[in-house]
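Take a look at the structure set out below.
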Amino acid sequence: MMRIAVLVSGNGSNLQALLDAGLSGEIVGVMSNKADAYALQRAQHANIASVIIEHKAYPDRESFDQVMQQQLLDWQVDLVILAGFMRILSPKFVAQWQGRMLNIHPSLLPAYKGMHTHQRVLHSGERYHGCTVHFVTAELDAGQAIAQAVLEIKPHDTAQSLAQRVHQMEHFIYPQAVEWVCRGDIQFIDQQVHYRGQVLTHPIQFAALH
Ligand code: GAR
């Protein structure tokens, strides 16, 4: 069974979706860089080990990442899941987890990398928005995509309503993508994503029906 660590910084609704999904992997630990992240309470309620590693306590990114790395090794983790983890990771840390670390990002990558995606998408007058699950590489939000959920932007949408609708889809596609990895349906081979033995040239797409 795959041993999974989930890295969080905030509310942790994606952590909750993963906890509720009944994955065939085991979530063995939750790590937060923020002491007040509500995600920590979710871990506690689910009886899962959690640690706070505050980036502010370390002089640089490398030393912070080294402490995280040691904790992941102590937990004997196979798969690292970033779920609203809002720190950029050092290239060395990312390299150690190549093909074994996933992130979810609130946009249809490669469009709208970075922050404040909902506002930016609205301001640009886009017709579609969504979220993407991808493997993590050293370049921010640029790793190989596994799955995407797409929704159509409606005239009355605000950044808040979009955030809410995107979140709902995240809670659906993230557990699905993690389960594929746990079961070996998704594999990372030679820098490419394979789905059931075939190279995945486009992320697997889901559409919202409303
Ligand atoms: C999610 O919308 C996730 O896509 C986003 O943070 C939110 C966390 O929500 N992640 C990023 O923006 C990563 N760059 P949650 O704490 O309720 O899971």
(Q) Just want the answer: with Cβ charges of +1 for Lys and Arg and -1 for Asp and Glu, which residue in His129, Leu72, Gln187 is farthest toward the dipole's positive end in the chain? (A) His129
Q) Quick one: which of 135-142, 168-175 comes out on top by average Cβ neighbours within 10 Å, and what's the full order, highest first? A) 168-175, 135-142
Q | Pairs of alpha carbons in the range 10-169 whose separation is greater than 22 Å (percent) | A | 46 percent
Q: Enumerate the calculated ³J(HN,Hα) couplings along the range 131-139 in order (Karplus 6.51 cos²θ - 1.76 cosθ + 1.60, θ = phi - 60°), each rounded to whole Hz, writing x wherever the residue is Gly or Pro.
A: 8, 9, 9, 9, 5, 8, 10, 4, 7
Q: Work out the charge dipole of the chain with +1 on the Cβ of Lys and Arg and -1 on the Cβ of Asp and Glu about the Cα centre, then indicate which of Leu109, Leu23, Ile48 is farthest towards its positive end.
A: Leu109
Q: Throw me the Rg/Rh for the range 31-92, computed over C-alpha atoms with Kirkwood Rh, two decimals.
A: 0.94
Q. So, with +1 on the Cβ of K and R and -1 on the Cβ of D and E, and no other charges, what is the size of the charge dipole of the chain about its Cα centre, to the nearest 20 debye?
A. 240 debye
Q. Once the convex hull of the C-alpha atoms of the range 150-209 is built, how many Å³ does it hold per residue, rounded to a whole number?
A. 101 Å³
(Q) With a 1.4 Å probe and all protein chains left in place, how much of the accessible area of the chain comes from carbon and sulfur atoms, in whole percent? (A) 50 percent
Q: In square nanometres and to one decimal, what's the mean projected area of the convex hull around the Cα atoms of the range 1-67?
A: 4.6 nm²
Q. Under a 1.4 Å probe, what is the accessible area of the chain per residue, stated in Å²?
A. 50 Å²
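The values are calculated or read from the model by the stated rules, or taken from the named source; none is laboratory data. As the structure is a computational prediction, the values presented were derived from the model and not from experiment. Neighbour counts are summed over all protein chains in view; Cβ atoms, including those assigned to glycine, are modelled from backbone coordinates with ideal geometry. When the accessible area is computed, the model is the full protein with side chains, heavy atoms only, and any ligands, DNA or RNA have been set aside. Shrake-Rupley method; radii C 1.70, N 1.55, O 1.52, S 1.80 Å.
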